[in-house]
Amino acid sequence: MAESMQGLRRSHRCTELTTAQTGQDVTVMGWVQKSRNKGGIIFVDLRDRSGILQIIFEEQDCGTEYFAKAEKLRSEYVIAVTGRVEARSGAVNENLATGAIEVRAKELRILSESETPPFPIEENSKTREELRLKYRFLDLRRPDMQQNLLLRSRIAILTRQFLAQEGFLEIETPTLIKSTPEGARDYLVPSRVHPGSFYALPQSPQLFKQLLMCSGYDRYFQLARCYRDEDLRADRQPEFTQIDMELSFVDVDDVLDVNERLLHKLFKEILDIEIPQPIPRMTWQEAMDRFGSDKPDLRFGMELKDVSEVVKDCGFAVFQGALEAGGTVRGINARGQGAMPRKKIDALVSFAKDFGARGLAYAAIQEDGSCKSSFGKFMTQEEMDALVSAMDGEPGDLLLFAADKKQVVWSVLGNLRLELARQLNLLKPDDFRFLWVTEFPLLEYSEEQGRFVAMHHPFTMPMEEDWHLIDSDPGAVRAKAYDIVLNGTELGGGSVRIHQSDIQSKMFQVLGFTPEKAQEQFGFLLEAFKYGVPPHAGLAYGLDRVVMLMGGCDNIREVIAFPKVKDASCLMTEAPAPVDEKQLEELGIAVSAPEQESNRGL
């Protein structure tokens, strides 16, 4: 039967005890990691969030009553122990922070018993993730999960401290807001008191933080909960946390400067890693041309090379056809991989097709300088030599080429580059390479919608020198937008905002908004802009992604206490779930089809 802790008070967490407390009486509390009865002496590993401490029960020290209780202990029992700290009687355990000491028990209380857990509570669990997530309350007891959440807490605290010292004010913004049409799908919340109307959960605090700048608060930040109804990946969740900020009377350099110092503080204090400053910058165009990605991984080379000019007059129809259709021919050099087996090359071709390639041309340079190529018979020796030279090819290298529209080639080779790096073990998790990607396109053309859409959002400031192109060539206008990238992952992004009403009106027009539609959707912001708005800019990080990379995790679910799976469901609580008919009646909602049992999974 469970006992109370009346009259007892914990004196230390497990790993707060050291040899300095030798000879002292202490009270510790936690979960039984394991218990070993050696006949006359019982060893118990006690675990709390700080770590593990060895407890020893001997009848001569704790008495018959408490020794009998100790014999009943099983994994995950919650206990309180009072005893004396001693130097460890056996060999020191170098793997434990408390490996030089133990507590010789005098008193034991069983505060709660436990059934046998469905999986061991241990580090580096081999348990299926579905089972771990179903019993997340147990999974969160595992030391590596606790370390991840302790890391998350520390990052949040240090961020708050830094931004407060930089003059930022922490201000909360609403989570029941008006739905806006741009961006990802909103999660909608029906209103009971306004039948037929809905709130949206915020995808970001964007409009409210701009309003705070209009209201004169100068520097704002918030660890904001955000929601997006979109398909999930390893680094995305339907609800997530942003480190969100906005600054007044600033331009691009000011925002980048304060954030470089924030990142420097986090990585130095938590990982003892010095981030080189200033962080390198690269325009969006250069990133796409060199790496086929707007979030390039700089831990390895294998950059894209444009060989369109070199092959424009060659006899290979695939290259010719792509160039005649206005496309491009580019390649990457996988150095030292010229002897790659044909089976592996075929697998790379198949991989490339997943990203829109119709095929993949390759040339393996032999040690004698000759080439084994999928297209060599269509090229003269001079043409092949020129192509190898343009790719800086050397004996033993493998050259891979894609020919198509520029966007397709970027996607194919950018992803192929990463796949080769994974296969060749070039992605060292402790090698942190930061990059600012700047000057994104202001707009991108949506074939689906038949119009230009904002690459970021409708409030991003265009670069002044490009604004004259907004009518004649809107796709060529660059934005004062910037992303912070780490090892091929976008940690965060932001932009300078539009604060001039004429530019904002023109942006809405280009995006297909009538003045009436703009007023309907964003009237409260446009009204605020009539009363004096300072130049302002901001940035938001995905806190979950920051923790994931700093903690060396492969999956964002490992750094979130209660995450969702791929279909946005919670395996533990079984949300989302049907609700009572009365609740629907109060909201004026009728469900048109019976709820289908979902195939929930990761």
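The values are calculated or read from the model by the stated rules, or taken from the named source; none is laboratory data. Since the model is a prediction, treat every value here as computed from it, not as a measurement. Every residue, glycine as well, gets a Cβ built from its backbone with ideal geometry; the counts of neighbours run over all protein chains shown. Side chains are part of the model used for accessible areas, which takes the heavy atoms of the whole protein and leaves out ligands, DNA and RNA. Shrake-Rupley method; radii C 1.70, N 1.55, O 1.52, S 1.80 Å.
If you compute Cα extents along the principal axes in Å for the structure shown, which of (i) 94, 53, 53; (ii) 93, 73, 54; (iii) 87, 65, 46 do you land on?
Checked against the structure: label (ii).
Can you list residues whose amide H is under 5 Å from Ile41's amide H, if they're 5+ apart or on another chain and H is modeled 1.01 Å from N?
none
How are the C-alpha pair distances of the stretch 222-324 spread across 5 Å bins, as whole percents from the shortest bin up?
2, 8, 10, 11, 16, 18, 11, 5, 6, 7, 4, 1
Asp368 versus Asp313, label points 7 Å from Cα toward the beta carbon: distance in nm?
3.0
Taking θ = phi - 60°, what integer Hz values does the Karplus form 6.51 cos²θ - 1.76 cosθ + 1.60 yield along the stretch 478-487, in sequence order, with x for Gly and Pro?
Once θ is set to phi - 60°, the couplings for the stretch 478-487 become 8, 10, 7, 10, 8, 10, 9, 10, 10, 6 Hz.
Net charge around Asp473, counting only other residues with Cβ within less than 14 Å of its Cβ (Lys, Arg = +1; Asp, Glu = -1)?
Cβ neighbours under 14 Å give a net charge of -3.
Count charges around Ala100 for me, please; just the other residues with Cβ under 11 Å from its Cβ, Lys/Arg as +1, Asp/Glu as -1.
Net charge around Ala100: -2.
Enumerate the amide H contacts of Val189 below 5 Å, restricted to partners 5 or more residues apart or on another chain; note that Pro and chain-start residues carry no placed amide H.
Tyr199, Ala200, Leu201
For a protection proxy built on the mean count of beta-carbon atoms within 10 angstrom, sort 3-16, 365-378 highest first, please. Let's see the in-between values first.
Values: 3-16: 13.5, 365-378: 15.1.
So the order, starting with the most tightly packed, is 365-378, 3-16.
Which entries in the list Lys209/Lys582; Lys134/Lys209; Lys209/Lys517; Lys69/Lys134 go over 30 Å, if you measure between the two C-alpha atoms of each?
With Cα atoms farther than 30 Å apart: Lys209/Lys582; Lys134/Lys209; Lys69/Lys134.
Excluding residues fewer than 8 places away in the same chain, name every one of the aspartates and glutamates whose C-alpha is closer than 17 Å to that of Lys38.
Glu58, Glu59, Asp61, Glu71, Glu102
At q = 0.10, 0.22, 0.23, 0.27 Å⁻¹, what is the log10 ratio I(q)/I(0) for the stretch 96-181, with the Debye formula run over Cα points and no solvent?
The Debye formula, applied to the Cα set alone, gives -0.57, -1.10, -1.13, -1.25.
Could you name the lysines in cross-link range of Lys406, using Cα to Cα under 24 Å and dropping any fewer than eight places away on the same chain?
Within reach: Lys295, Lys305, Lys312, Lys353, Lys480.
Label Lys428 and Ala156 with points 7 Å out from Cα along Cα→Cβ: what is the distance between them in nm?
3.3
Find the Cα radius of gyration of the stretch 426-497, compare it with 2.2 N^0.38 Å by division, and give the number to two decimals.
Against the empirical 2.2 N^0.38 Å value, I get 1.33 for the stretch 426-497.
Cα centroid distance between the stretch 12-86 and the stretch 202-271, in Å?
45
Indicate the helices, whole DSSP H runs only, in the chain that combine a mean Kyte-Doolittle hydropathy of 0.0 or more with a Cα extent along their long axis of 24 angstrom or more.
252-271, 406-423
Describe numerically, in nm with one decimal, the distance between label points set 7 Å from Cα along Cα→Cβ at Asp61 and at Ile270.
About 3.9 nm, to one decimal.
On the full set of protein chains, 1.4 Å probe, figure out the accessible area of Thr116 and give it in Å² to the nearest 10.
Roughly 130 Å² of Thr116 is accessible to a 1.4 Å probe.
Short version: ³J(HN,Hα) in whole Hz for each residue of the stretch 467-476, in order, from phi by Karplus 6.51 cos²θ - 1.76 cosθ + 1.60 (θ = phi - 60°), x for Gly and Pro, what are they?
4, 5, 8, 4, 8, 7, 8, x, x, 8
Can you tell me how the stretch 69-117 classifies by the Cα gyration tensor, rounded, prolate or oblate, using a/c under 1.5 as the rounded cut?
In terms of gyration-tensor shape, oblate.
Any idea how far the Cα center of the stretch 533-568 sits from the one of the stretch 308-354, in Å?
Value for the Cα centre distance between the two parts: 36 Å.
Calculate, in nm to one decimal, what Asn95 and Thr18 gain on full extension: separation in residues at 0.36 nm each, minus their alpha carbon distance.
Result: 26.3 nm gained on full extension.
Starting from the stretch 142-221, pick out the trypsin sites (Lys or Arg not before Pro) whose DSSP state is loop and whose Cβ has at most 14 other Cβ atoms within 10 Å.
Sparse-neighbourhood loop trypsin sites (Lys or Arg not before Pro): Arg192.
For the stretch 86-103, take each phi angle, set θ = phi - 60°, evaluate the Karplus expression 6.51 cos²θ - 1.76 cosθ + 1.60, and give the result in whole Hz per residue in order, putting x for glycine and proline.
Values per residue, Gly and Pro as x: 9, 5, 4, 6, x, 5, 5, 8, 5, 7, 10, 4, 9, x, 9, 9, 8, 10 Hz.
Excluding same-chain residues fewer than 8 positions from Lys268, which lysines have a Cα within less than 21 Å of its Cα?
Here the lysines satisfying the reach criterion relative to Lys268 are Lys428.
Computed over the Cα atoms of the stretch 314-353, what is the convex hull's projected area averaged over all directions, in nm²?
On the way: hull surface 15.3 nm².
Averaging across all directions leaves 3.8 nm² for the Cα convex hull.
What does the helix-only formula give at 222 nm for the chain: each DSSP H stretch with n ≥ 4 adding -39500 (n - 2.57), the total divided by the residues, and the result rounded to the nearest 500 deg cm²/dmol?
Result for the chain: -8500 deg cm²/dmol, rounded to the nearest 500.
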